[in-house]
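Okay, structure first, notes after.
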Amino acid sequence: MSAQTFTVVLCAKPGADGIRALRAVLKFAWRRHRLRCNSIVETRENRDVSNQIASAFSELRHDVARRAARIRRHTQQTRGASIMSDGHTLMQKQQELTVPAADDGWGDAAAEAAERTIRGTLLKFADWRWTVGKEATLVEDGTQLVALATAAMWVRWQGNRPVEHIVRQPGKRLPDREDLGYTDPTEWEKGPDDEPKDPWQNTRLVYLVDPQTAEAFTFSTASWGGRGAVIDLADSIARMRSVHPGACPVVELRAAKMPTKFGMKSKPILKIVGWKTTDAAGAAPVEKQITSKQADADVMNDEIPY
C-alpha cells in the first residue's frame, strides 16, 4: 500500500518568524500525527527577502532532504537484510521446532492481567510509610518506579472489603456522590474512630512497574493528599506529552508534611526524577531517557527531527 501524499500551502503573516514557525509545524506533524515532510519549496511573492531569511530557509530545505534520504537508505538496507536472512531462517526452521513470537500466548495472558483492577502487588501509603502486600511490608523511601497509567473510581466498602466500584470513563467526570445511593449516615458502618463512615470512597489508582525487574504494583489511595499527588503527577505528564507523546515518568516514593484540622499529618509524594519513552520512528520500541533540559528545549529544537 503506497503512502498518502499531500500538498499544503502555508503563509506566514507579516512580522512572524516564518522559518521558526514552519520548523515547529513540521515537528508537531511528525511527533503527534506521524506525518513526515519529504520535500519543501518556498514561493516568494515578494522578491525583497533578506539574505538571512533566504539562508534560513535553504538550511531547513536541506535538513528535510537529508532526513528523507536517511529514511530511504534505512528502508533499502532493512529490505536487503531481510532477503539475506531468508535462506538462513528457512534452514533453521527445518532443524528445530520454533514457536512464533506472535503465538506464544504471553500477549493474551498479559491482556487478562490488564483487565484486573489491582495489577501486581497493592501499594499503600499511611503515617509516613509506603507498604506493599497484605503483610504491609515496608518499602524503602526513595524507591523508583515507572508510572504507566492511572484510574479514578468510586469504591463502595462493606464489611471491611470492596463490594462495588464505578470507574471513570475516558473524557467524562465521576458521578456525584449524591447519585450513588447509601446517603443515610445512620446506616453506615463505623470507621476506626467509631464514627459512621461513608461507604463510598473517591479512589485513585496508579499502575507502576519496577524498571529493573518489571514487577507490577498498584498504588491505591482515597485520601485528599493521595488524590492530590495523583493529580499533580497527571498534570506533569500532560505537559511532557505535549512534546513527547507516550512519555512515562520515573517517580520516587516520598512523603511530605500536610497540615490538617487534626494537626500535622503526612501525604504521599510521587516525585518525578526522570522520564522514559519509546522511539516510535524505529522498527521496534527502543527505550530512551528524556532529560529535563531536552524537554524544555524540544518544542523549538532544530535537531529533532527538522
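The values are calculated or read from the model by the stated rules, or taken from the named source; none is laboratory data. In this text, all values refer to a predicted model and were calculated from it rather than measured experimentally. Note that each Cβ is placed from the backbone with ideal geometry, even for glycine, and that neighbours are counted across all protein chains shown.
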Next item on the list: Go through the stretch 205-236 residue by residue and tally those that are surrounded by 14 or more Cβ atoms within 10 Å (Cβ to Cβ), assigned to a helix (DSSP H, G or I) and either of a type in the set (Val, Ile, Thr) or at positive phi (or both).
Entry: 1
Check: Between residues in the stretch 131-155 that are free of Cβ contacts under 8 Å to residues at least 60 places away in the same chain and outside the structural domain of Thr203 (by TED's automatic domain parsing) and residues that are loosely packed, with under 15 Cβ neighbours inside 10 Å and outside any loop (DSSP other than H, G, I, E, B), which pairs lie under 9 Å by C-beta distance while being six or more apart or on different chains?
Finding: none
Next item on the list: Inspect all residues belonging to the stretch 254-277 and state whether any of them is at pLDDT below 95, within 25 Å of Cys37 (Cα to Cα), surrounded by fewer than 16 Cβ atoms within 10 Å (Cβ to Cβ) and touching a helix residue (DSSP H, G or I) at 6+ places or on another chain (Cβ under 7 Å).
Entry: no
Note to self: I'd like the full set of residues that are hydrophobic (A, V, I, L, M, F, W, C) and within 21 Å of Cys248 (Cα to Cα), limited to the stretch 130-185.
What the structure shows: Leu145, Val146, Ala147, Leu148, Ala149, Ala151, Ala152
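Per-residue answers, yes or no, for (1) of a type outside the set (D, E, K, R); (2) surrounded by fewer than 16 Cβ atoms within 10 Å (Cβ to Cβ):
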| site | (1), (2) |
| --- | --- |
| Gly120 | yes, no |
| Pro175 | yes, yes |
| Asp179 | no, yes |
| Pro196 | yes, yes |
Note to self: Given the options Thr183, Thr218, name the one that is of a type in the set (Val, Ile, Thr), more than 21 Å from Lys124 (Cβ to Cβ) and in the same structural domain as Ala255 (by TED's automatic domain parsing).
What the structure shows: Thr183
Item checked: Exclusive hit being at pLDDT 95 or above and of a type in the set (S, T, N, Q), set Thr117, Thr143 -> Thr143
Next item on the list: Kindly list, by first and then second residue, each pair from a residue in the stretch 1-20 that is small (Gly, Ala, Ser) to a residue that is in a helix (DSSP H, G or I), limited to pairs with Cβ atoms under 8 Å and residues at least 6 apart or on different chains.
Entry: Ala12/Gly18; Ala12/Ala21; Ala12/Leu22; Gly18/Ile53
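Considering only residues that are of a type outside the set (A, V, I, L, M, F, W, C) and more than 25 Å from the chain's Cα centre (by Cα), look in the stretch 141-160 and name the one that is surrounded by the most Cβ atoms within 10 Å (Cβ to Cβ).
The first filter runs over the stretch 141-160 and keeps only residues of a type outside the set (A, V, I, L, M, F, W, C), leaving 141-144, 150, 156, 158-160.
In the following step, the residues that additionally are more than 25 Å from the chain's Cα centre (by Cα) were identified as 156, 158-160.
Values: Arg156: 16, Gln158: 11, Gly159: 7, Asn160: 6.
Taking the candidates together, the pick is Arg156.
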Notebook entry, point to check: Which condition number does Arg239 fail, the rest of (1) within 28 Å of Arg31 (Cβ to Cβ); (2) touching a residue at least 40 places away in the same chain (Cβ under 8 Å); (3) outside any loop (DSSP other than H, G, I, E, B); (4) not hydroxyl-bearing (Ser, Thr, Tyr) being met?
Noted result: (2)
Notebook entry, point to check: If we keep just the residues of the stretch 36-53 that are modelled with pLDDT of 75 or more and surrounded by fewer than 14 Cβ atoms within 10 Å (Cβ to Cβ), which is nearest to Lys13 (Cα to Cα)?
Noted result: Val41
